[in-house]
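Below: one structure, written as structure tokens.
What follows draws every value from the coordinates through simple rules; no lab data is involved. Remember, predicted model here, so these are calculated numbers, not experimental data. Using ideal geometry, Cβ is built from the backbone for each residue, glycine included, and neighbour counts are taken over all protein chains shown.
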Amino acid sequence: MNPDLEIPQPDDQDLVARTQGGDPSAFDTLVVRYSPRLYGLVYHMTSNHEDTNDLLQDVFAKAYRSICNFRGKSSFYTWLHSIAVNMTINFLKKRNRRQHPSLNDPDSKIENDPDFIAATSNGDPTKEVSVHELQKKLNGAMQKLSHDHRIVVTMFDIQGMPHAEIAKILKISEGTVRSRLFYAHRQLQNSLHEFKKK
């Protein structure tokens, strides 16, 4: 046997069937596979790393408890994202206070990335302040969007998901996805218009 040959990874269907058959290690593989994307999705909705970690634990716990009800009418990925979106929206509705993401968050590594600093500052400290200000404005503008609008922007612009996939996950029509995106983009542009004029 050639040691250089990669062992093929089991597909989601196989892992789901094994989990439903009582193999918890199969579900662990699904958790590892989808944690990074779900983390990005939930974090861009909550803007809080602690809340995101807590929510992800709850999302995977609920998915594990409910997996016997999964019948494969949609992909596992779509089903899991639906759970994450619904739980995050419910969490945000309960959390009355608005939290703005901290630009000094230690998990936000891009600000300390030498390539990012070089590309954005070019030795000009005023430009560096502008990028910092723009990021702050954009974060603030995202938080002003309604939950429904913030989620479509997160899924489409940040996660790169197609309209059809977003529609399936949110259980809305593609037309509704497009109109929410249009409205959200217009809101974000209006919020950033003042900054652009400077």
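A few remarks follow.
- The range 148-193 and the range 16-61: distance between their alpha carbon centers, rounded to Å: 23
- Label-point separation in nm, residue 65 to residue 148, each point 7 Å along Cα→Cβ: 2.8
- Once C-alpha pairs closer than 8 Å and six or more residues apart are averaged by separation and normalised to the residue number of the range 7-99, the relative contact order reads 31 percent.
- Among 64-71, 24-31, sorting by the average number of other beta carbon atoms lying within 10 angstrom of each residue, highest first, gives 24-31, 64-71.
- Net charge of the neighbourhood of residue 19, taken over other residues with C-beta under 15 Å away and scored Lys/Arg +1, Asp/Glu -1, is 0.
- Anisotropy class assigned to the range 7-99 is prolate, per the alpha carbon gyration tensor with a/c at or over the 1.5 cut-off and a/b larger than b/c.
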